[in-house]
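Note sheet for the following structure.
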Amino acid sequence: MSRRQVLGIGGALGLMAVTGLSSAAALSRRPTTTGAKLRSAVPLPPTFTVPLPLPSVLRPVSTVDGADRYEITQRETVLEILPGVKTPLWTYNGTFPGPTIEARRDRPVIVTHHNELPVPTVVHLHGGRTPPESDGYPTDLVLPDGWQDPMPGMHGMHGMQMPAMSDPRAVVTRQTRDYTFPMAQRPAMLWYHDHRMDFTAPAIWRGLAGLHIIRDDAEESLGLPAGPRELPLAIMDRAFDDHGNLAYPALDPTLREQPGVHEPYLAGVLGDVILVNGAPWPVHEVDAARYRLRFLNTSNARHYELEAVTYDGRRLDLVQIGADQGLLAAPVTHQSLPMAPAERYDVVADFSGVPVGSLVTIVNRLGSGRTHDVMAFRVARRAADDSRVPTVLSNDLPSWNRSDAARVRDFSFRAGRMNGGHGWLIGGQPFNPTRTDVTVGLGDVEVWRLIADVQHPVHLHLAGFRVLSRGGKPPLPHDAGLKDTISLQPGESAEIITCFDGYRGRYLFHCHNAEHEDMGMMANIEIV
Ligand SMILES: [Cu+2]
């Protein structure tokens, strides 16, 4: 494969992506948004008045043979997200987001999930190097008590009446399931969420998401801001109906039978309320010191471009120290950071030069009106600060080269027809759990060339990857490090390189616009 051939995919695949796709072409004229916005019907609080919550850290119930065991119950709960408004949610252990699991590298974690929700569920640890039986394959369902359907989630896909399609490899359990995570991977901030076939988007929207952080001694010896100066920040958008319920345009609001959303929302569901760690436009009091801000986009479809702006309009540097899959080799300084659904950016911001008593706001350059604001930090006091950002952060990033690749594959991510209706397709095909799309040998290095019609954040299970190019050009500054999700812009192509090591078995890659994912944009990898 010559360099010219490798870089030449924009033409042929680009043409393929835009041919005969009227809805996609229309969407691509709005490059910063993919999806349609719901409007809330309850009064919304002023910005920067609700305190920033920090999700509680879950304690293990036992430790056996060096593995920590946790228990999580999935259940309905009513919480107050907007002040004075009661909102029913689907939760992990009754909180939103769910409890945070704090893990150590190479120390296994076992999580026993109990499903007390009215529908089947399945948990995926996003970014985990997880054996296939615990990776949360979308048909490996945990059925609630009394669930009658013999093949839940496998019928009438995407609103069409079609014969029941079974997945002979599905491992279905009743009420409970143990998920085992070896944690043999780089320290990183992962997140767990529901991954049920056809219904992932509304389940995450209703609250089924939580954080899972892996640490090790090497990272802790760097001297990065820590303790109360390390903040996980899960950003998501939501909308509320006139009763305070979360609004979502599901065809079947019970989420029991018919998947899909009403037509205006086929490209994705956007809300008009920005939540951070479950609170609307929150504010957090900080010292005039360096903070480690661990941003995660848990929105279904909303993209952000984050900036930290002082009261007098100055932009604070966002010093990126980590990507989806852990520390960079060296810090990268940004003025703004684009963030697609499921991406994480580990950033250090220095508030030491900010006048005490003033606000630093985190804004989204892609938002408008109230979705322009995300959250704020109020600098409360001067304080000592012995933290540092070393010039070398890590030296264990994989250094795969093109010449290491056993093969090169092409995948298009674009709109198309599925079961007689609208779908989102990979390589022209909608997801089918019984079809193997990619077979790869354990330990093989591969280069994947991806091309998108509209925005698609492409996520690979099991294997972290590095970005080799975008549109035939070198990667962008925010592509640094080891990633598990790459944000493709309308009409954009990119190349990634990865090594499929870890475990043999069935894994997924898919778009992490959650509505696209539910409407077919997933495919199977078989590692043999
Ligand atoms: Cu997509």
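The values are calculated or read from the model by the stated rules, or taken from the named source; none is laboratory data. Quantities reported herein were computed from a predicted structural model and do not represent experimental measurements. Note: ideal-geometry Cβ built from the backbone for every residue, glycine included; neighbour counts use all protein chains shown. Ligands, DNA and RNA are stripped out before the accessible areas are found, and what is left, the full protein with its side chains, is counted by its heavy atoms. Shrake-Rupley method; radii C 1.70, N 1.55, O 1.52, S 1.80 Å.
Can you give the Kirkwood hydrodynamic radius of segment 179-265 from its Cα pairs, in Å with one decimal? Don't jump to the answer; show the numbers that get you there.
On the way: mean 1/r = 0.0616 Å⁻¹.
Evaluated on segment 179-265, it is 16.2 Å.
Restricting to DSSP H runs of at least four residues, report the calculated mean residue ellipticity at 222 nm for the chain, -39500 (n - 2.57) per run over all residues, nearest 500 deg cm²/dmol. Intermediate values should be presented prior to the final figure.
Numbers: 6 runs with 36 residues, N = 528.
So the calculated ellipticity at 222 nm is -1500 deg cm²/dmol.
Hey, what D do you get for segment 381-465 in µm²/s if you plug the Kirkwood alpha-carbon radius into Stokes-Einstein at 37 °C and 0.692 mPa s? Don't skip to the answer; put the middle values down first.
Numbers: Rh = 17.0 Å.
Translational D for this selection: 194 µm²/s.
When only C-alpha pairs under 8 Å and at least 6 residues apart count, what is the relative contact order of the chain, in percent? Numbers along the way, then the final one.
Values: 1451 pairs, mean separation 89.0, N = 528.
With pairs under 8 Å counted, the relative contact order is 17 percent.
Could you give the Stokes-Einstein D for segment 250-301 in µm² per second, using the C-alpha Kirkwood radius, 37 °C, 0.692 mPa s?
Numbers: Rh = 14.5 Å.
Estimated diffusion coefficient is 226 µm²/s.
Students often forget the sequence filter, so: which lysines lie under 21 Å Cα-Cα from Lys483 once same-chain residues fewer than 8 apart are removed?
Correct list for Lys483: Lys473.
Using Cα-Cα distances under 8 Å and only pairs 6 or more residues apart, what relative contact order does segment 192-347 have, in percent? Intermediate values should be presented prior to the final figure.
Details: 248 pairs, mean separation 34.5, N = 156.
Once normalised by length, the contact order is 22 percent.
Can you run phi through the Karplus equation (6.51, -1.76, 1.60; θ = phi - 60°) for segment 467-474 and list ³J(HN,Hα) in whole Hz, with x for Gly and Pro?
Karplus values, whole Hz, x for Gly and Pro: 8, 8, 7, 10, x, x, 10, x.
Provide the three semi-axes, in whole Å and in decreasing order, of the ellipsoid equivalent to segment 180-220 as defined by the square roots of 5 times the Cα gyration tensor eigenvalues. Could the numbers behind the result be given before it?
Details: eigenvalues 151, 24, 7 Å².
They are 27, 11, 6 Å, listed largest first.
In whole Å, what are the Cα extents of the chain along the three principal axes, biggest one first?
65, 58, 55
Mind listing the phi-derived Karplus ³J(HN,Hα) values for segment 403-412, rounded to whole Hz, using 6.51, -1.76 and 1.60 with θ = phi - 60°, and x for any glycine or proline?
The phi angles translate into 5, 7, 6, 5, 6, 10, 10, 10, 9, 9 Hz.
To the nearest 20 debye, what charge dipole does segment 69-117 have about its Cα centre, counting +1 at the Cβ of each Lys and Arg and -1 at the Cβ of each Asp and Glu?
On the way: 6 positive and 6 negative charges, 40 e Å.
Using only the charged Cβ atoms, the result is roughly 200 debye.
Just order 340-348, 487-495 by mean Cβ neighbour count inside 10 Å, highest at the front, would you? Each step should come with its number before you reach the end.
Working: 340-348: 25.6, 487-495: 22.0.
Sorting 340-348, 487-495 by mean packing, highest first, produces 340-348, 487-495.
Could you work out what % of the accessible surface of the chain is carbon and sulfur, using a 1.4 angstrom probe and leaving DNA, RNA and ligands out of the count?
52 percent
Averaging sequence separations of C-alpha pairs under 8 Å and six or more residues apart, then dividing by the length of segment 227-297, give the relative contact order as a whole percent.
Details: 89 pairs, mean separation 34.7, N = 71.
In percent, rounded to a whole number, it is 49.
Which value results when the Cα radius of gyration for segment 158-308 is divided by 2.2 N^0.38 Å? Numbers along the way, then the final one.
Working: Rg = 19.2 Å, N = 151, 2.2 N^0.38 = 14.8 Å.
Compared with the compact-globule rule of thumb, segment 158-308 sits at 1.30.
Report Val172's accessible area, 1.4 Å probe, all protein chains in place, as a number in Å² to the nearest 10.
70 Å²
What Kirkwood Rh does segment 38-156 have if only Cα atoms enter the pairwise 1/r average? Answer in Å. Walk me through the numbers before you get to the answer.
Numbers: mean 1/r = 0.0586 Å⁻¹.
After inverting the pairwise mean of 1/r, the radius is 17.1 Å.
Just to be sure I understand the curve: with the Debye formula and one point per C-alpha of segment 225-354, what is log10 I(q)/I(0) at q = 0.17 Å⁻¹?
Log-scaled intensity ratios, in q order: -0.95.
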